[in-house]
1. Taking K343, is it without any contact (Cβ under 8 Å) to a residue 24 or more places away in the chain, within 11 Å of the ligand (Cβ to nearest atom) and within 22 Å of the chain's Cα centre (by Cα)?
2. So S316 ticks every box in (1) within 11 Å of the ligand (Cβ to nearest atom); (2) in a loop (DSSP other than H, G, I, E, B) but one. Which box is left unticked?
3. Looking at region 141-158, is at least one residue out of contact with any helix residue (DSSP H, G or I) (no Cβ under 7 Å at 6 or more places or on another chain), surrounded by 14 or more Cβ atoms within 10 Å (Cβ to Cβ) and over 18 Å from L100 (Cα atoms)?
4. Being crowded, with 20+ Cβ neighbours inside 10 Å, over 19 Å from the mean Cα position of the chain (by Cα), over 21 Å from K165 (Cβ atoms) and touching a residue at least 40 places away in the same chain (Cβ under 8 Å) is the requirement here; does L71 meet it?
5. Restricting attention to region 243-289, report how many residues are of a type outside the set (D, E, K, R) and either part of a loop (DSSP other than H, G, I, E, B) or over 21 Å from S328 (Cβ atoms) (or both).
6. Which of the numbered conditions does N327 fail, given that it passes all the others? Conditions: (1) within 16 Å of the ligand (Cβ to nearest atom); (2) surrounded by fewer than 20 Cβ atoms within 10 Å (Cβ to Cβ); (3) at pLDDT below 95.
7. Pick out the one residue from M309, M349 that is within 22 Å of S254 (Cα to Cα) and in contact (Cβ under 8 Å) with a residue 40 or more places away in the chain.
8. Inspect all residues belonging to region 230-242 and state whether any of them is small (G, A, S), surrounded by fewer than 22 Cβ atoms within 10 Å (Cβ to Cβ) and more than 11 Å from the ligand (Cβ to nearest atom).
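The values are calculated or read from the model by the stated rules, or taken from the named source; none is laboratory data. Note that the structure is predicted; figures quoted are calculated from it, not measured. Every residue, glycine as well, gets a Cβ built from its backbone with ideal geometry; the counts of neighbours run over all protein chains shown.
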Amino acid sequence: MLHIIMENLIIDNWNRVDAISFYTYQSIHNPLVYSKQHSMWVANSYACCKSILSSEYARVPRPGIPESGTLNEEALLMLNNLARISNGDQHYHARMAVRLLYDCIKAVSIGPIMDSLLATVNNHAEFDWVAVIGKQLPVVSILKGLSFSDEDCGWVVKNMPALIKIMLPQKTKQDIEDINEVIPRYYQLSSRYIHKHTITDQLLKCDATISRSEASGLLICNLLGLFIQSYDACRALLTIAATTLARLKTERVSIKADNAFFQKLIDELLRIDPPVHNTRRIASHDLQVDDKVIKEGDAILVVLGAANMDYMVFDSPERFDIERGNNSAHLTFGLGGHACIAKHFCRDMAVQTSRYIVDRFGEINIHQQNISYESQLNVKMAKRLMVGL
Ligand code: HEM
């Protein structure tokens, strides 16, 4: 299997892949390489990934916008306003909106949310962790942290599978129908929320170059961005945390009931088994990286997962070692102008969730031999994970 993917230069299927060995090899032998098969550069070493992510000449690509007239007005507004997929001035304004929104999220205690999610499960001895916890806990925590009503919370959580379709690089006719149905309702719901708060005034105070309606548009759209990021990437992190807790138990590793232990555990997990594996860029000028020139217009895959396995930065990178000292130097949350704004939120959620499991149930058992993954390649998301508590 390793032999096949190495020829491919990138992982193009999560099932039965030994990502740790693959990335360790790639970060040493292919720090920056052009893949003819995929018509793009692939950056694997820590230094090359860092240099590309820090460059003002590496722009984020935008998802495909279907033919005019097919997406409705609110959906198009989302695509034009989301920080994650914008560049230049547009990104500057959007990122400011994201920061303000993020600062409004009050810390919520995971315990009561976990209690109520687990109360919906008939049998704790066997249930799907991805559906019950992964797809709900992060989004509910943000909604509760922003004081959304239970009814609005319920609507957002239920409709996340349709709302995230806005980010699909290519959208089918069915995707477009789903997007057009849910986005206007989301828009209404979140604009009610945004208009109740002083956050639009705060954004206008920080950024006097935009109008009031542009400011509230940015906030409404980027609030959805927060839900999308938490639905995908945090789900993946919580699944990895659950499988690791189960593995440590079977390997009889002693689990200390203190936050410092769990923080080190989650940092090492984020490095060695990252939820987000790569991100993309397009060179907007010729770009000198290492000893190569990436030409203007070339596409680049920045493989964060491989950078995390670079032996120049992490000693014996393939070894799972929560005491290595620099494990939080991983690039899992990106770097530079587009770096994730929520890394503390995510780390804290994974720490609290792991502690909740250990304190309340002692252990988590995995009831599945093989895990199969969604076809999405930037985030490694299990389709389901049958567990018992
Ligand atoms: C473990 C979970 C998460 C991981 C590993 C992760 C990772 C990342 C990465 C790698 C990027 C940078 C992408 C790039 O440079 O192209 C990013 C961007 C971003 N993330 Fe996260 N993320 C996670 C969860 C979240 C959550 C929960 C939120 C919101 C509450 C969030 C909000 C954002 C936003 C808004 C951006 C775009 C920033 C910008 O473009 O200026 N992320 N994330």
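1. Judged against the criteria, K343 is a match.
2. (1)
3. no
4. Criteria not met by L71.
5. Narrowing region 243-289 to residues of a type outside the set (D, E, K, R): 243-246, 248, 250, 253-255, 257, 259-263, 265-266, 269-270, 272, 274-279, 282-285, 287-289.
From what's left, either part of a loop (DSSP other than H, G, I, E, B) or over 21 Å from S328 (Cβ atoms) (or both): 246, 250, 253-255, 257, 274-275, 277, 282-285, 287-289.
Total meeting the criteria: 16.
6. (2)
7. M349
8. Looking for residues that are small (G, A, S), surrounded by fewer than 22 Cβ atoms within 10 Å (Cβ to Cβ) and more than 11 Å from the ligand (Cβ to nearest atom), one finds none in region 230-242, hence no.
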